[in-house]
Amino acid sequence: GTLRDLNGQIPDTAVSAIRKARANGHFVLICSGRPYFQIGEEIRRIGFDGYITSSGGYIEFGGEKISETVFPEETLQALIRYLQNHDSMAEYHTSMNRFLLKEDRARYEQLEATLQKQFEGSTAELASMPELVDGPEDLKQVSKLLYYSKECTNEMIARDWPVLEITELSIPNSEPYG
């Protein structure tokens, strides 16, 4: 994230500036597209007044959860079927964890291997395997998903699911998984 420098470190100057702003009466919050659980302890120890995470889907202030937006159950199940029908897999995020359907494990491992090759020599840290769930019915309180597809495009999803907010994240590779 942008709090870290190019070497993945949090500069002392950033920590000092955050603490000085708070000492001067300003509220300082972390705002990230990442889920809350991915905000590491090293960052939390700096001291923030709150967190806006999951692209705005989870908001906490003063240690109290203010808001959490999740997919309605019927919408999530329909979206999962849609992605499966378009040869896609997804990583499902809640504010506290990330999940993958067991049936997608092999494809996810292929994607992971591709990413490891692409980011070789980089300071980027790849995430570990999401927690595996047996089926779509086991997914609850999902606030965000990352889909991986050769067939399905953001334009298709925007056309077929106009209620969704889509943020494009592309990985420069024509064959992300097998």
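Things to note:
- Residue list for segment 147-161, filter: open to solvent by less than 50 Å² (accessible area, probe 1.4 Å) and assigned to a strand (DSSP E or B): 148, 149
- The residues in segment 1-30 that are closer than 17 Å to residue 62 by Cβ and touching a helix residue (DSSP H, G or I) at 6+ places or on another chain (Cβ under 8 Å) can be counted, and the count is 2.
- Qualifying residue in segment 106-117 (condition: surrounded by fewer than 16 Cβ atoms within 10 Å (Cβ to Cβ), under 16 Å from the mean Cα position of the chain (by Cα), modelled with pLDDT of 90 or more and charged (D, E, K, R)): no
- Test for residue 115: is it aliphatic (A, V, I, L, M) and assigned to a helix (DSSP H, G or I): yes
- Among (1) in contact (Cβ under 8 Å) with a residue 12 or more places away in the chain; (2) more than 21 Å from the chain's Cα centre (by Cα) - the single one residue 33 does not satisfy: (2)
- Within segment 1-35, the set of residues being open to solvent by less than 80 Å² (accessible area, probe 1.4 Å) and β-branched (Val, Ile, Thr) comprises 10, 15, 18, 28, 30.
- Pairs, first touching a residue at least 60 places away in the same chain (Cβ under 8 Å) in segment 51-79, second open to solvent by 40 Å² or more (accessible area, probe 1.4 Å) and assigned to a helix (DSSP H, G or I), C-beta under 8 Å, six or more apart: 77/137
The values are calculated or read from the model by the stated rules, or taken from the named source; none is laboratory data. The structure displayed is predicted, hence computed values, not measured ones. Because the Cβ atoms are built from the backbone with ideal geometry, glycine has one as well, and the counts that use them run over all protein chains shown. We work out accessible area using only protein heavy atoms, side chains counted, and drop any ligands, DNA or RNA first. Shrake-Rupley method; radii C 1.70, N 1.55, O 1.52, S 1.80 Å.
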